[in-house]
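Enquirer: If you scroll down you'll find the structure; I have some questions about it.
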Amino acid sequence: MRKIIKDKAIVSDDWNLLKLADGETPESVVVPAGKQIVPLQVWLAQKTALSARADIGVWLASDERPEQLKEDAKSLPLIAVDFPNFAGGRGYSIAFNLRARVGFDGELRAIGDVLRDQLFYMSRVGFNAFATREDRSIEDALKGLSDFSDAYQTSWDQKTPLFRRFARPAAQEA
């Protein structure tokens with residue numbers, strides 16, 4: 001069984017990532033039984049049938065808008081965001097917007113070209129699960145979540161900048 005990183009631990013992944021085959025359309029694809037992460041377009045096309053299932057998650061491509069899930073976010077157990085390549089940065093914005101603007105509080109998973117170097121930053125924008133590349137060590141990738149002890153900037157995980165989190169000594173009177 002495939003392994004993922006979830007909540008800073010390596011766990012077995014019991015979800016299947018559904019991708020459309022050549023010739024399939026979002027309306028015609030048959031979503032199998034069991035835990036399935038379906039493309040956003042499949043969710044939108046088959047929403048009535050799929051929303052009745054508790055074992056359906058949705059994945060967004062890097063060019064899709066998280067606002068399309070605003071009505072459904074509270075009922076979904078998992079949303080995944082695809083990183084088609086290491087240099088792609090749109091997934092970070094999608095994740096932040098899912099947490100901050102859409103209000104999603106379930107499992108937020110990074111999928112695709114996910115490497116150790118990205119995990120700390122991905123967690124800062126709201127990801128709590130990572131399906132790392134299979135050709136890399138997941139044990140090594142897990143260490144990426146603790147590469148840094150703190151961050152200067154604010155983000156999803158820390159609303160106060162570093163300079164406001166530490167008390168400075170009072171200026172001495174002249």
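The values are calculated or read from the model by the stated rules, or taken from the named source; none is laboratory data. Keep in mind it's a predicted model, so treat the numbers as computed, not measured. All Cβ positions, glycine included, derive from the backbone under ideal geometry; neighbour counts span all protein chains shown. Just the protein is used for accessible areas: all its heavy atoms, side chains included, with ligands, DNA and RNA removed. Shrake-Rupley method; radii C 1.70, N 1.55, O 1.52, S 1.80 Å.
Enquirer: Can you give the FRET efficiency for Tyr121 and Val11, using 1/(1 + (r/R0)^6), R0 = 22 Å, r = Cβ-Cβ distance, to the nearest 0.05?
Expert: 0.55
Enquirer: Something else: Report the Rg/Rh value for the range 102-142, based on alpha-carbon coordinates and the Kirkwood definition of Rh.
Expert: On the Cα set of the range 102-142, Rg over Rh gives 0.99.
Enquirer: Ignoring ligands, DNA and RNA, please state the percent of accessible area on the range 1-84 from carbon and sulfur, probe 1.4 Å.
Expert: 52
Enquirer: Another question, then. Set the Förster radius R0 to 30 Å, insert the Cβ-Cβ distance between Arg2 and Thr48 as r into 1/(1 + (r/R0)^6), and round the FRET efficiency to 0.05.
Expert: Between Arg2 and Thr48 the formula returns 0.50.
Enquirer: What accessible area per residue, rounded to a whole number of Å², is obtained for the range 76-142 using a probe radius of 1.4 Å?
Expert: 39
Enquirer: Which of the GluC sites (Glu not before Pro) found in the range 58-107 are in a DSSP loop and have at most 15 neighbouring Cβ atoms, other than their own, within 10 Å?
Expert: Answer in residue order: Glu71.
Enquirer: What is the distance in Å between the Cα centroid of the range 97-126 and that of the range 1-78?
Expert: Going from one Cα centre to the other spans 15 Å.
Enquirer: Given a cut-off of 20 Å, name the pairs among Lys3/Lys74; Lys19/Lys47; Lys3/Lys35; Lys6/Lys143; Lys6/Lys70 whose C-alpha atoms lie farther apart than that in the structure shown.
Expert: Lys3/Lys74; Lys6/Lys70
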